[in-house]
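Here the structure comes first, spelled out in structure tokens, and everything after it is commentary.
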Amino acid sequence: MTFIFIFVQVLYIYMDSGSIKILIVDDEPNSTILLRKVLEKRGYLPDTDNDSRAALEKIRSGDHDIIISDLQMPEVSGSDLLKAKQEHTLFIMITGYGSIDSAVESMKLGAFDYIGKPFNLDEFILKFEKAVENIRLSRQVDDLKTLLDDTSSFSSIIGRNRKMLRVFEMIKNVSRSDANVLIEGQSGTGKELVARAIHNNSPRKEGPFIAINCSAIPDNLLESELFGHTKGAFTGAVDAQKGVFELAHGGTLLLDEIAEMPYVLQSKLLRVIETWEIKPLGSDKVRKVDVRLVSATNRNIREMIDEKKFREDLYYRVGTITINLPTLDERKDDIPLLANYFVKKISAKMGKSFSLKGDALEVLSKHRWKGNVRELENVIERALVSSETDMLGRHNFKFITGEDDVLSSTEMGGNMELRDLEKIHIRKVLEENGWNKLQTAKILGIDRKTLYKKIKEYDLE
């Protein structure tokens with residue numbers, strides 16, 4: 001099953017309003033009647049209860065998607081109902097204007113949102129629909145993940161934006177051939193994921209997928225990494241070693257950040273692409289290789305050609321087909337879907353269950369993502385790791401809103417190891433520069449190779 005088919009399947013899943021289980025609880029019958037009628041006019045079928053004790057039993061035994069409850073009620077309070085809800089259930093608290101502080105406290109305890117009495121129906125509908133959208137996205141992520149797991153070919157590529165649909169269509173088309181592909185896109189847009197998707201949907205999917213980052217390897221070692229070497233070919237070559245072209249034989253080779261390849265080595269790569277023959281360093285024997293070549297870059301290669309930093313003939317060889325990935329800012333409508341996906345992914349890794357409030361999704365949707373999807377995932381993980389509750393709101397993302405511009409006293413605590421402080425500092429500079437490693441290295445006063453080592457050492461990606 002191709003990904004585009006999977007995606008369209010998921011995109012057009014119809015979620016009937018009646019499939020959302022809603023419970024309205026208030027000891028004032030007029031309130032439950034009013035809210036029920038409002039929701040029924042919008043196609044929903046809510047259950048209501050004026051007895052908070054009976055509602056508590058429903059919540060304990062039922063499987064509700066949304067609970068709307070008054071805060072102040074005799075016998076069993078709204079806070080008690082909030083504590084009894086299931087993890088996935090979204091809770092909207094109703095409060096009088098005199099109890100706003102209590103409502104805010106309820107949100108700290110895990111409520112999705114709150115509304116005041118007397119009701120502003122426009123406000124109620126807006127907040128209710130935000131909760132519905134959150135549920136819709138969560139279900140969409142679940143359905144999408146299930147389908148992706150079944151195919152194992154497009155893991156972690158999530159999107160419903162029009163530009164992403166075009167990317168998915170291109171992946172489907174290019175996967176059928178062996179044509180060389182160049183993937184262009186800013187850092188963090190998912191270039192390696194696309195390369196893996198091309199491989200996993202191609203006739204070569206049973207063969208190896210080998211990826212190499214051309215900028216992370218010292219220039220004097222890159223040729224050996226690409227083509228291999230014999231024993232004694234150079235100082236330190238104590239054993240013969242195959243290069244990535246040989247290792248990828250019968251499969252796909254990704255040359256990531258190909259624009260960083262030294263100019264003198266580009267001519268050798270060009271010859272390999274023309275003949276599909278390699279000669280390891282120190283050897284006179286030519287070896288045939290059968291490789292599907294995919295390259296990736298975050299640089300403007302056309303400008304580099306004008307500057308004589310990249311060979312024009314090589315550019316046309318590696319870019320028989322070019323795929324341009326949009327930035328996250330160009331696909332902001334995907335942010336809620338991506339955010340929910342990462343929450344589920346990271347929650348599973350942590351063995352916990354987290355969810356996002358409406359104001360958190362609002363903050364994430366308004367933020368400028370210089371580091372694109374990778375930055376979003378890192379931001380979500382940082383927020384989840386530091387959260388004391390399972391419902392994350394705006395306050396959990398102070399570090400991107402400007403409300404927490406400096407490292408907190410906790411982060412910079414006196415008992416922290418020097419390496420911990422270094423890790424925090426490197427991560428912060430990376431985030432501030434949109435995960436642009438070249439710019440980050442300049443600011444930190446280190447070379448790019450050292451930065452890559454630090455990123456790997458501290459597991460920052």
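FYI, it's all coordinate maths here, none of it is from the lab. These numbers were taken from a predicted model, which means no experiment stands behind them. Cβ coordinates were reconstructed from backbone atoms using ideal geometry, including for glycine residues, and neighbour counts include every protein chain displayed.
Below is a table of values for the structure above.
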read-out	value
At R0 = 22 Å, FRET efficiency that the Cβ-Cβ distance of His88 and Lys108 yields, to 0.05	0.70
Cβ charges +1 (Lys, Arg) and -1 (Asp, Glu), total dipole of segment 162-324, debye	500
Zone residues, segment 242-277, relative to Asn213, backbone N less than 11 Å from point 7 Å out along Cα-to-Cβ	256-257
For the chain, with +1 on Lys and Arg beta carbons and -1 on Asp and Glu, the positive-most of Ile92, Gly228, Leu361 along the dipole	Gly228
Dipole of the chain [Lys/Arg +1, Asp/Glu -1 at C-beta], most positive-end residue of Ser52, Ile183, Met391	Ile183
Distance (nanometres) between label positions extended 7 Å along Cα→Cβ at Ser365 and Asp313	5.2
Cα-centre dipole for segment 68-126 with unit charges at Cβ (Lys and Arg positive, Asp and Glu negative), debye to 20	80
Lys130, Lys41, Lys108 arranged by Cβ crowding within 10 Å, fewest neighbours leading	Lys41, Lys108, Lys130
Spin-label model distance (nm) - Glu303 vs Lys231, 7 Å beyond Cα toward Cβ	4.8
Dipole in debye (nearest 20) - the chain, about Cα centre, beta carbon charges: Lys, Arg +1; Asp, Glu -1	1680
Shape metrics for the chain, restricted to C-alpha atoms - Rg then Dmax, Å	26.9, 90
Extension gain from Arg394 to Glu330, taking 0.36 nm per residue of separation minus the Cα-Cα distance	20.8 nm
Listed residues Thr450, Pro74, Ala237: farthest to the positive end of the dipole of the chain (Cβ charges)	Ala237
Ascending count of other beta-carbon atoms within 10 Å, so fewest first, for Ile20, Ile94	Ile20, Ile94
Which listed pairs, of Lys85/Lys191; Lys344/Lys423; Lys205/Lys442; Lys242/Lys437; Lys285/Lys453; Lys21/Lys344, have C-alpha distances above 32 Å, in listed order	Lys85/Lys191; Lys205/Lys442; Lys285/Lys453
Volume per residue that the Cα convex hull of segment 328-457 spans, once the total is divided by residue count, Å³	120
From phi via Karplus (6.51, -1.76, 1.60), per-residue ³J(HN,Hα) for segment 66-78 in Hz, x at Gly/Pro	9, 10, 10, 9, 5, 7, 8, 9, x, 6, 10, 7, x
Förster-model FRET efficiency, 60 Å R0, Lys268 and Leu126, C-beta, rounded to 0.05	0.45
Contour excess over end-to-end distance, with Cα ends at Lys41 and Ile443 and 0.36 nm allotted per residue	139.0 nm
